[in-house]
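Shown next, in structure tokens, is the structure this report addresses.
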Amino acid sequence: MSEVLVFGKNGQVATELSEMDGTVCVGRDVADLSDPDACAAVITERSPNAVVNAAAYTAVDRAEEEEPLANIVNGEAPAAMALACAALDIPFVHISTDYVLNGQGSLPHKPDAIPAPLNAYGRSKLLGENAIQRAGGRYCILRTSWVFSPHGANFLKTMLRLAESREALSVVGDQIGGPTSARKIALACLKAASGLGGPDGRRKSGIYHFSGTPDVSWAGFARNIFDQAGHSVEVTDIPTADYPTPARRPLNSRLNCDRTLEVFGIKQPDWRDDVAETLQRLRN
């Protein structure tokens, strides 16, 4: 596949995509997601072979106070992108989140689970999902969770920073999910775009899940990071109730990724291996 137009330049997944062959990343200077028409115009003007939306409003807690802006960036902008892609009949891959789900139960959520977001960020992302489905083009909504990489701000880098000055930490132990490497998400986006571009691509359109395996708590994730990085930090599990935040978080972020493997041949990555790779990249 030749040119893949990527919305996003500095985010974790966008940074990974920028390092891959055949991608052209555009930032806010070219297409600000608070201006949906500008996003659509870039697609129409460039007429790429596929589009990946790796940009979003991701300040989960701040979204409680800025929901209208989050709705434009996460809802109206992807809608405009999807319509522009449908008009050109090109694949559109959109990164979404487990936060569109209610986080109940203990089984991995399937892609057809009924959405019921707990916070403003989740509601804004659901607006985008619904609009993309209505646009009628070739699309893959790729829900993922707990993203980490050597870039930007993320849980892994926060734990490494805290390990420099702390010998013990309390970390939430009752939220369970699959940490996911931004590099693996980037590769999954390109593979999905390629699959959507084939003669039977339109029937592959839909919602897909992609996260690392095995599922783990934030506390368990932290312990693995410290072990692999060689830090002696004692981690104590605490309940979500002891770590209040403006936006409610789902307790169950497990994602069933069977359909992603079946349709696109994309396997769930072992996040422990990806932690090792990320730590090596940070050292380099």
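The values are calculated or read from the model by the stated rules, or taken from the named source; none is laboratory data. Note that the structure is predicted; figures quoted are calculated from it, not measured. With ideal geometry, Cβ positions are generated from the backbone for all residues, glycine too; neighbour counts draw on all protein chains shown. Accessible surface is based on the protein model in full, side chains and every heavy atom, while ligands, DNA and RNA are left aside. Shrake-Rupley method; radii C 1.70, N 1.55, O 1.52, S 1.80 Å.
Among P36, P117, P246, the largest mean-square fluctuation in a Gaussian network model of the chain (Cα springs under 10 Å) belongs to P246. Solvent-free Debye calculation, one equal scatterer per alpha-carbon of the chain: log10 I(q)/I(0) at 0.10, 0.15 Å⁻¹ equals -0.50, -1.13.
Protein chains only, probe 1.4 Å: how do V233, V52 rank by accessible area, largest first? Write down the numbers at each step before the final one.
Numbers: V233 20, V52 0 Å².
Heavy-atom accessible area, descending, gives V233, V52.
When the Cα positions of N256, I207, A241 are compared along the charge dipole of the range 167-284, I207 comes out farthest toward the positive end, with charges on each C-beta of Lys, Arg, Asp and Glu. By the gyration tensor of its Cα atoms, with a ≥ b ≥ c the square roots of the eigenvalues, what is the shape of the range 215-284: rounded for a/c under 1.5, prolate for a/b over b/c, or oblate? Because a/c hits 1.5 or more and a/b fails to exceed b/c, the range 215-284 counts as oblate. About its Cα centre, the dipole of the range 56-129 is roughly 180 debye, where the only charges are +1 on Lys and Arg Cβ and -1 on Asp and Glu Cβ.
Rounded to the nearest 20, the size of the Cβ-charge dipole of the chain about its Cα centre is 520 debye, with Lys and Arg at +1 and Asp and Glu at -1.
Taking trypsin sites (Lys or Arg not before Pro) across the range 139-168, the ones in a DSSP loop with at most 12 further Cβ atoms lying within 10 angstrom of their Cβ are R166.
In the P(r) worked out for the range 103-155, what percent of Cα pairs fall beyond 12 Å? Could you put the intermediate results ahead of the total?
On the way: 1044 of 1378 pairs.
Considering the range 103-155, 76 percent of its Cα-Cα pairs are separated by more than 12 Å.
Normalising the Debye intensity of the range 37-189 to I(0), with uniform scatterers on Cα atoms only, and taking log10 at q = 0.12, 0.14, 0.15, 0.21 Å⁻¹ returns -0.58, -0.77, -0.86, -1.42. Solvent-accessible area of Y121, all protein chains in place: 20 Å² (probe radius 1.4 Å, heavy atoms, ligands and nucleic acids excluded).
For the range 110-189, the list of GluC sites (Glu not before Pro) that fall in a loop by DSSP and count at most 16 other C-beta atoms within 10 angstrom reads E164, E167. Helices in the chain that qualify as membrane-span-like (whole DSSP H runs, Cα extent of at least 20 Å along the helix axis, mean Kyte-Doolittle hydropathy of -0.5 or higher) are 182-196. With the whole protein complex present, T58 retains an accessible surface near 90 Å², based on a 1.4 Å probe.
Run through the DSSP bridge list for the chain and note the antiparallel percent, rounded to the nearest 5. Kindly include the intermediate steps, with their values, before the conclusion.
Working: 2 of 34 bridges.
Beta bridges within the chain, antiparallel portion: roughly 5 percent.
Calculation over all alpha carbon pairs of the range 156-248 in 5 angstrom steps from 0 returns a P(r) of 3, 11, 17, 16, 15, 11, 8, 7, 6, 3, 1, 0 percent.
Here the accessible area of the chain is 48 percent carbon and sulfur, with a 1.4 angstrom probe and all protein chains present.
At 1.4 Å probe radius, can you tell me the per residue accessible area of the range 107-196 in Å²? List each step's numbers first, then the result.
Values: 3480 Å² over 90 residues.
Spelled out: the 1.4 Å probe surface of the range 107-196, per residue, equals 39 Å².
With a ≥ b ≥ c taken as the square roots of the eigenvalues of the C-alpha gyration tensor of the range 1-121, please select rounded if a/c is under 1.5 and otherwise prolate if a/b is larger than b/c or oblate if it is not? Prolate, since a/c reaches 1.5 and a/b exceeds b/c. The range 225-277 and the range 144-180 have Cα centres separated by 9 Å.
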